[in-house]
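First the structure, in the form of structure tokens, and then the observations on it.
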Amino acid sequence: MAYSHDNRVKYVVRYLYDIDNNGILDKNDFKCLAVRNTIVETKGDFPAERFAQNAKIMDDLWNEIALLADFDKNGEVDSDEFKKAVADNCVGKDYASFPPAFKVFIENQFKAIDVDGDGTVNIEEYRQDVITRSAFADVAEIDEAFKALNGGAGVTLDRYKELYAQFLGNKDETPSKFLFGPLKEL
Ligand SMILES: [Ca+2]
Ligand SMILES: [Ca+2]
Ligand SMILES: [Ca+2]
């Protein structure tokens, strides 16, 4: 059930939020995101001022996600808590209605994937992103997923947001299920 809504939510937790890879979300993931985003935004530079801004943004977002998802108030959000928060805040909604804490990742992710910065993710950029999370024995599997995603056309930021909203907010399987490439069951 690689493309079930449950597995998609797990995928988002594991690859998009739990960036220190310890199985849960906590303050440290958001600290690490501030470092990562600063490096991505400045293409490898690390200006202290920019980092301070990002650290503040991420701190606020952690507080927001803790409010929405840390139901037992233990300072951590596990994947069941995240799933419940997605059901409460994202399922059946469009991107604009998502709380900021559920949108935090996606614009920076887009910037990181759109390597040439032309505002569109093309097949070469998609392939480079997809292989960072999974191994593939045949590039055709990746290319077919890209074609299914948007009819083979490049994906703009607006389309990327729309696909992300479906990936997380639509329990049915739509072409958005390929947003992060062919998935494995987690
Ligand atoms: Ca973590
Ligand atoms: Ca908790
Ligand atoms: Ca591009």
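The values are calculated or read from the model by the stated rules, or taken from the named source; none is laboratory data. Just so you know, these numbers come straight off a predicted model, no measurement behind them. Cβ sites come from the backbone with ideal geometry, for glycine too, and all protein chains shown count toward neighbours. When the accessible area is computed, the model is the full protein with side chains, heavy atoms only, and any ligands, DNA or RNA have been set aside. Shrake-Rupley method; radii C 1.70, N 1.55, O 1.52, S 1.80 Å.
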inquiry  = What pairs come out if I take residues in the range 51-68 that are aromatic (Phe, Trp, Tyr) and pair them with residues that are surrounded by 16 or more Cβ atoms within 10 Å (Cβ to Cβ) and not in a helix (DSSP H, G or I) whose C-beta lies under 9 Å away, six or more apart or interchain?
reply    = Trp62/Leu25; Trp62/Asp26
request  = Read through the list (1) open to solvent by less than 80 Å² (accessible area, probe 1.4 Å); (2) closer than 15 Å to Val12 by Cβ, then give the number of the only condition that Met58 fails.
outcome  = (2)
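Here's the yes/no breakdown for (1) touching a Pro at 6+ places or on another chain (Cβ under 9 Å); (2) within 16 Å of ligand 1 (Cβ to nearest atom):
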residue: Asp6; (1), (2): no, no
residue: Val35; (1), (2): no, yes
residue: Thr38; (1), (2): yes, no
residue: Lys43; (1), (2): no, no
residue: Pro47; (1), (2): no, no
residue: Met58; (1), (2): no, yes
remark   = When the range 110-137 is checked residue by residue, the ones that are more than 7 Å from ligand 3 (Cβ to nearest atom) and polar (S, T, N, Q) are Gln128, Thr132, Ser134
request  = Output the qualifying pairs, or none if there are none: Cβ atoms under 7 angstrom, residues six or more apart or on different chains, first residue in the range 13-35 and more than 15 Å from Asp70 (Cα to Cα), second residue in a helix (DSSP H, G or I) and within 16 Å of ligand 2 (Cβ to nearest atom).
outcome  = Ile19/Asp29; Asp20/Asn28; Asp20/Asp29
request  = Report the residue count in the range 17-50 for those that are part of a helix (DSSP H, G or I), surrounded by fewer than 18 Cβ atoms within 10 Å (Cβ to Cβ) and touching a helix residue (DSSP H, G or I) at 6+ places or on another chain (Cβ under 6 Å).
outcome  = 3
message = One residue is enough: does the range 116-132 have a residue meeting the conditions in contact with an Asp or Glu (Cβ under 7 Å, 6 or more places away or on another chain), of a type outside the set (S, T, N, Q) and at pLDDT below 95?
response = no
key: Residue check for Lys56: closer than 25 Å to Lys111 by Cα and basic (Lys, Arg)   = yes
task = Please work out if Gly181 is open to solvent by 10 Å² or more (accessible area, probe 1.4 Å) and either assigned to a loop (DSSP other than H, G, I, E, B) or out of contact with any Phe, Trp or Tyr (no Cβ under 9 Å at 6 or more places or on another chain) (or both).
result = no
inquiry  = Can you find, within the range 101-156, the residue that is farthest from Lys184 (Cα to Cα) among those that are of a type in the set (S, T, N, Q) and assigned to a helix (DSSP H, G or I)?
reply    = Asn108
ask   = Does any residue of the range 77-100 turn out to be within 16 Å of ligand 2 (Cβ to nearest atom) and outside any helix (DSSP H, G or I)?
value = yes
